[in-house]
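Please see the structure below; I have some questions.
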Amino acid sequence: MRQISPLSRRSFTTTSAPQPVRVLLSKSTDPYLNLAIEDWLFHHGQYDKQTLYLWRNEPTVVIGRNQNPWKECDVKALERDSIHLVRRSSGGGAVYHDLGNSCFSFFSDKSSYDKNKNSLIICDALRHFNITASPNTRNDILVNDRKISGSAYRLSGKRCLHHGTLLISTHLHNLQKYLYVGNPYIKSAGVASVRSPVQNLSHYAPMLTHDLLMNAITKEFFHHYGHRCGVELLDEEEMKKIPQLSEAYENLRKWGWRFGETPSFEHKLQYTFLWGTVSIHLHSEEGRFKKVEASSEPPEVLEGLSSLLEGKAYDRHGLSEAMEMMEDRGSTVTQRRREVEEWLVREM
Amino acid sequence: MVPVQVQQRASRFILKRKNKVSNSFGCSFRLFWRTPIKQLKNAIGLQHNYRVILLISIMNRITSTARLVCQRRPTFSVAASRSVTPRSFSRSFSTKLYTKDHEWLQIDGHIGTVGISDYAQKALGDVVFVDLPDVGKLLTQGDVAVSVESVKAASDVYSPASGEVTEVNEALRTQPDLVNSASLSNGWMFKLKLSQPDEEVKSLKNEEAYAKFCESEDENH
C-alpha cells in the first residue's frame, strides 16, 4: 500500500465537512477487467466512503450503454487491428482508449453525489502542471476550447457513478480512424455520440504522464474531502478470484452484451454491379438480422437470402453462414454471390 | 367577486343533485346550467349575472369535494327515470402508489401499470432512450426493470411489484420524451400481471405519503 505525501499547493480551501475516502488504482490494462472492477465497485462498494478508482486500457473502443457499434465505429477495422470493443453500463457516446488515455471513476452515495465537484477535482489536479482547464455545460473538460476529458454517468437507487477520460498522449489519428462521424445509411433508435475537437494534455505539458496525473488527482481528491487514505493497488489475478467480479468480467466479453444489446436499427443498401443491381433493406434487433428484404436483378443471385438471414448475427459470420445455405444455381451465380458478399461485408 | 358562502352553497347544491342522478362529473355542468335561475336563487341566493362567474370559480371546489365523496362512496345509486351505467372516475383520479425510488404503480384488477414520477423525470433531465423489458419477463419487486438514458445519466428503474411483463409502451421507442412530458399518463413504461399484489402494496406509499417523502429528500440533499 502506497502512502501519499501531504499536499504542498492549495488552490482554495474546502468548506464542506470531511468525508472518509477510498482510492483504488488498477495495475491491469485489460479493458474488460477494468470495467468489471468498476461494475463490482458500483454494486458492492462501500458507499459510506467517497471512492475514486483510477485505470487505463490498452487500445479499445468503448461505446455507451445504448449505442449502435456499427453506427459509431468501424467494427471490421477493430477486428482486423485487434482493437477491443467494449460496451459500458453508463450512457453517453463512443470513445477511443489507449495507454495515452487515463480514466477516473468517482463513486458516491446519492446524498453526496456532485459531478461538478468531481470535475473541479480534475481541473485542480491539472493546475499542478500549469494547465488551465474548465468544464463546459456538458461537463466535458476543455483546455483552450479543446476537449481533453469527457464524462458519463450511471445512477441506480442510491448508487451514483461519474466516470470519464483524460487524453494525455493518445494516438489521435487512431481516434479518427476507428470512430465514425456517423453512417448515414443506418437509421438507429439508439444514442448518438456528440463529436468535439480534442487535444492531448501533453501538448500543453510535455512531461505529463499517467502516473504523475493520477498522483495529482489523488492529492486533490484528499484535499476536497478533507481525508486521506492509502491507495489500494489492484492486482489482475487477485481481482479475477472475486466471484461477482469474475461474473461481470465474463458478461462484458459476451457477444450478447457487446452486440446483442444494440437497439433496433435499419440499414438500406444498394449497388450496381457489372452484371446487375442489388437492393437490400435490413432490420436488426438485438444485434441480429430481424427482417430482410433482399432483391437483385437478375433475381436468382439473392433468391432465398431474405429468409436465411433472419436470426443470424449481424456480422460477416452470420452473412457467410446464410449465403452458404443458398441453393446452388451454377458457377456464374456463385461468383456473383461472392461479389455481393464482399460488398456487403464492406458496407455493414 | 362571488362571495365564498355563495360558492359553498352552490357546491353543496350541485353535489346533492349530482349524487342523486349520476356519478358523472360532466353532468354537474349541465345540471348547474339547466337549473332554472329561480330555483338556484331560492336554493343559494344566486343572481342571474353571477352564474357564469360562479361556474368557473367553483370548479376547483367541486373537484376536490367530489373526489372526497367518490372515495367514500365507491358505488352510486341510479335514479329510477334514467339508467346510468356506473363507471369509475376518470383515470386522473385513480390512485397511484409510489416507491421510495420514485416509480409509480397503478393497479387495475390483476394488472399493474408502472411508470416514474414527475419528481423522477425532472431529476433525470431530457430522456433520450428507454430500454424496456421483454414481454414475458418475470420480475420480482425491486428488480431492475428498465434502463433510462437521459442527458444526465443512464438510470435504473426498479419494478415496484412482482409479476410477469404483459405489455410495454412501444411509443417510448420513438418518443422517449413522453417520459418527461407525460410521466404520469402516456409515459407509462410497462404493465405487469401481478403475482402478489396484496402483500406488496403494503410497502408502497400513497400520494400524500410520497409527496412528504419527496419534500424530505429535497431537504436532505
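Hey, how many Å between the Cα centroid of segment B:202-221 and the Cα centroid of segment A:292-348?
58
Give me the extension gain from residue A:211 to residue A:240: residue separation times 0.36 nm, minus the current Cα-Cα distance, reported in nm with one decimal.
Gain on extension, residue A:211 to residue A:240, equals 8.1 nm.
On C-alpha positions alone, give me the angle between the axis of helix A:210-225 and the longest principal axis of chain A, in degrees, nearest 10.
Once rounded, one gets 60 degrees.
Would you please give the FRET efficiency between residue A:158 and residue A:232, computed as 1/(1 + (r/R0)^6) with r the Cβ-Cβ distance and R0 = 22 Å, to the nearest 0.05?
Computed FRET efficiency for residue A:158 and residue A:232 comes out at 0.45.
Also, I was wondering about something else. Less than 12 Å Cβ to Cβ from residue A:94, Lys/Arg counted +1 and Asp/Glu -1: what total charge do the surrounding residues give?
Residues close to residue A:94 contribute a combined charge of +3.
Can you pull the mean other chain C-beta count within 10 Å for peptide A:155-162?
4
Given R₀ = 45 Å, FRET efficiency for residue A:132-residue B:108 by Cβ-Cβ distance, to 0.05?
0.15
How much accessible area does residue A:293 have with a 1.4 Å probe, in Å² rounded to the nearest 10?
Here the accessible area works out near 80 Å².
Would you mind putting B:188-197, A:321-330 in packing order, based on average other-beta-carbon counts within 10 Å, highest first?
So the order, starting with the most tightly packed, is B:188-197, A:321-330.
Could you identify which residue out of A:153, A:249, A:271 has the top mean-square fluctuation in a GNM of chain A using Cα springs shorter than 10 Å?
Per the Cα network of chain A with a 10 Å cutoff, A:271 tops the list.
Work out the mean other chain Cβ neighbour count within 10 Å for the residues of B:146-159 and drop it here as an integer.
Taking the mean over all residues of the peptide, I get 6.
A follow-up question, please. Report, to the nearest 10°, how far helix A:243-253 tilts away from the longest principal axis of the Cα atoms in chain A, using its own Cα long axis and a range of 0 to 90°.
Around 40 degrees separate the two axes.
Given 0.36 nm per residue, what is the gain on full extension from residue A:272 to residue A:328 after removing their alpha carbon distance, in nm?
17.9 nm
Separate question: Provide a list, ordered by number, of residues in segment B:192-221 showing at least 50 Å² less accessible area with every protein chain present than when their chain is taken on its own, using a 1.4 Å probe.
The answer is B:221.
Listed highest first by mean packing, meaning other Cβ atoms within 10 Å per residue, what order do A:38-50, B:145-157 come in?
B:145-157, A:38-50
Let me ask you something else. Would you mind telling me the share, in percent, of accessible area of segment A:21-258 contributed by carbon and sulfur at probe 1.4 angstrom?
That fraction is 50 percent.
On a C-alpha basis, how far is the centre of segment A:36-80 from the centre of segment A:169-239 in Å? Whole number, if you could?
Each part reduced to its Cα centre gives a spacing of 11 Å.
Add +1 for every Lys or Arg and -1 for every Asp or Glu among the other residues with Cβ under 15 Å from the Cβ of residue B:214, and state the total.
Here the count lands on -3.
Only helical DSSP H runs with n ≥ 4 go in: add -39500 (n - 2.57) per run for chain A, normalise by residue count and round the 222 nm mean residue ellipticity to 500 deg cm²/dmol.
Here the helix-only value at 222 nm equals -9000 deg cm²/dmol.
Turning to a different aspect of this structure: Between residue A:23 and residues 5 or more places away or on another chain, which pairs have amide H atoms under 5 Å apart, with H built 1.01 Å from N, and which residues are they?
So residue A:23 has HN proximity to A:52, A:232.
Under a plain spin-label model, where a point goes 7 Å from the Cα along Cα-to-Cβ, how far apart in nm are residue A:345 and residue A:146?
Each label point is offset 7 Å from its Cα along the Cβ direction, giving 3.8 nm.
Arrange the residues A:258, A:159 by how much accessible surface each exposes, largest first, with a 1.4 angstrom probe.
A:159, A:258
So, one more: If you average the C-alpha positions of segment A:129-167 and of segment A:108-123 separately, how far apart do those two centres end up, in angstrom?
With segment A:129-167 and segment A:108-123 each reduced to a Cα centre, they are spaced 10 Å.
Also, quick follow-up: Can you list the lysines whose alpha carbon is less than 24 Å from that of residue B:100, not counting same-chain residues fewer than 8 positions off?
Qualifying lysines at Cα under 24 Å: A:49, A:110, A:115, A:158, B:122, B:137, B:152, B:191, B:193, B:202, B:205, B:212.
Could you tell me how many degrees, from 0 to 90 and to the nearest 10, lie between the Cα long axis of helix A:31-44 and the main elongation axis, the longest principal axis, of the Cα atoms of chain A?
For A:31-44 against chain A, the angle is about 60 degrees.
Work out the mean other chain Cβ neighbour count within 10 Å for the residues of A:188-194 and drop it here as an integer.
Mean partner-chain Cβ count within 10 Å for A:188-194: 2.
R0 = 22 Å: FRET efficiency of residue B:118 with residue B:166, Cβ-based, nearest 0.05?
Calculated value: 0.30.
Ballpark to the nearest 100 Å², how much total accessible area do B and A bury together, probe 1.4 Å?
1400
If you don't mind, there's one more thing I want to ask. How much length would be gained if the chain were fully extended between residue A:58 and residue A:187, taking 0.36 nm per residue of separation minus their Cα-Cα distance, in nm to one decimal?
43.3 nm
The values are calculated or read from the model by the stated rules, or taken from the named source; none is laboratory data. Computed from a prediction, not measured in an experiment: that's the story for all the values here. All Cβ positions, even for glycine, are placed from backbone atoms using ideal geometry, and neighbour counts span all protein chains on display. To get the accessible areas, we keep the full protein, side chains included, count just its heavy atoms, and leave off ligands, DNA and RNA. Shrake-Rupley method; radii C 1.70, N 1.55, O 1.52, S 1.80 Å.
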